[in-house]
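The values are calculated or read from the model by the stated rules, or taken from the named source; none is laboratory data. All values reported here derive from a predicted model rather than from experimental measurement. Methodologically, a virtual Cβ is constructed for each residue, glycine included, from the backbone with ideal geometry; neighbour enumeration extends over all protein chains shown. Please note that ligands, DNA and RNA were not included when accessible areas were found on the heavy atoms of the full protein model with its side chains. Shrake-Rupley method; radii C 1.70, N 1.55, O 1.52, S 1.80 Å.
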Amino acid sequence: MTKGMGAPSFVVSLMRMMPGVWSKLMAVAHTLPYDAALLDGYIDGKSLPTKLWSTVTIPTLVLEGTESPFALRHGAQALANVLPNAQLLSKKGLGHTKKLNTKMISSELTAFCMGNL
């Protein structure tokens with residue numbers, strides 16, 4: 001978590017003391033090598049291959065939280081730039097630093113879908 005996600009080591013120590021959080025992380029830990037292989041270079045700024053994304057023509061809403069780590073915001077921006085019909089929404093409260101704001105996310109998704117019917 002410190003190397004792949006950039007979390008400070010004290011954060012990992014704190015997460016180990018949260019049984020609900022830690023057990024969920026451990027349940028998906030076996031997928032991390034695949035995540036790392038897919039993201040290799042992209043999290044550091046490597047451009048997404050436009051050719052692979054150009055066929056995704058459906059209107060797409062890409063959400064990013066203004067409080068999220070830079071690498072995650074960069075990834076959202078890169079995805080919005082490469083998708084032909086994407087809209088990037090950057091908003092406080094959508095970040096990874098607080099509890100997931102499902103009401104805000106559903107509100108934004110509903111508004112986006114209603115505007116694209």
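Structure notes:
- Distance between the 7 Å Cα→Cβ label points at LEU52 and PHE112: 2.0 nm.
- ALA37-THR66 FRET efficiency (beta carbon distance; Förster radius 41 Å; 0.05 resolution): 0.90
- Solvent exposure of the chain as accessible area per residue, Å², 1.4 Å probe: 73 Å²
- Residue-span extension gain [MET104 to SER23] - 0.36 nm each, minus C-alpha spacing: 26.5 nm
- Working from Cα pairs under 8 Å separated by at least six residues, relative contact order for the chain is 20 percent.
- Label of the coordinate-derived value, Cα Rg over 2.2 N^0.38 Å, listed as (i) 1.01; (ii) 1.20; (iii) 1.28: (ii)
- Percent accessible area from carbon and sulfur atoms, the chain, protein chains only, probe 1.4 Å: 64 percent
- Those aspartates and glutamates that a straight Cα-Cα span of less than 17 Å connects to LYS91, excepting residues fewer than 8 apart in one chain: GLU64, GLU67, GLU108
- For segment 39-117, trypsin sites (Lys or Arg not before Pro) meeting the loop criterion (DSSP other than H, G, I, E, B) and having at most 15 other Cβ atoms within 10 Å: LYS46, LYS92, LYS98, LYS99.
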